[in-house]
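Chemist: Okay, handing you the structure first.
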């Protein structure tokens with residue numbers, strides 16, 4: 001974790017720390033969290049949107065960093081089918097990115 005990321009999450013009530021040592025901003029929006037899996041030690045910053053409501057799973061690897069205002073949504077194959085989204089470990093997704101994919105990293 002970078003020094004800047006450590007400063008932004010340590011000692012701050014605006015983040016939820018999970019058992020796997022993920023830091024998730026209280027201002028992030030996770031639709032259907034039952035299908036979103038964080039492997040550990042990742043950071044999801046404020047105003048990120050994870051679209052778990054699209055009948056597909058979202059899996060985020062270890063040591064990932066999602067900058068503010070990111071949108072993650074699984075790829076749409078056709079009108080009735082979406083693909084699971086897998087983000088491998090050590091991935092950084094920049095500010096204001098909209099990611100619609102099945103695999104990153």
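Chemist: Add -39500 (n - 2.57) for each DSSP H run of 4 or more in the chain, then divide by its residues: what number comes out at 222 nm, to the nearest 500 deg cm²/dmol?
Modeler: Computed ellipticity for the chain at 222 nm equals -1500 deg cm²/dmol.
Chemist: On a full-extension model of 0.36 nm per residue, what is the gain between residue 75 and residue 97, subtracting their alpha-carbon distance, rounded to one decimal in nm?
Modeler: Value of the extension gain: 6.4 nm.
Chemist: Now for a separate question. Quote to one decimal, in nm, the extra length available between residue 47 and residue 13 on full extension: 0.36 nm per residue of separation minus the C-alpha distance between them.
Modeler: The residue 47-residue 13 span can extend by a further 10.7 nm.
Chemist: Hey, in the GNM for the chain with a 10 angstrom Cα cutoff, which one of 53, 13, 67 fluctuates hardest?
Modeler: Largest GNM mean-square fluctuation: 13.
Chemist: Normalised by the residues of the chain, what does the relative contact order come to in percent, with Cα pairs under 8 Å and at least six apart?
Modeler: 20 percent
A short reminder: the numbers here are calculations on the coordinates, not readings from a lab. It should be emphasised that the depicted structure is a prediction, and the values quoted were computed from it without experimental measurement.
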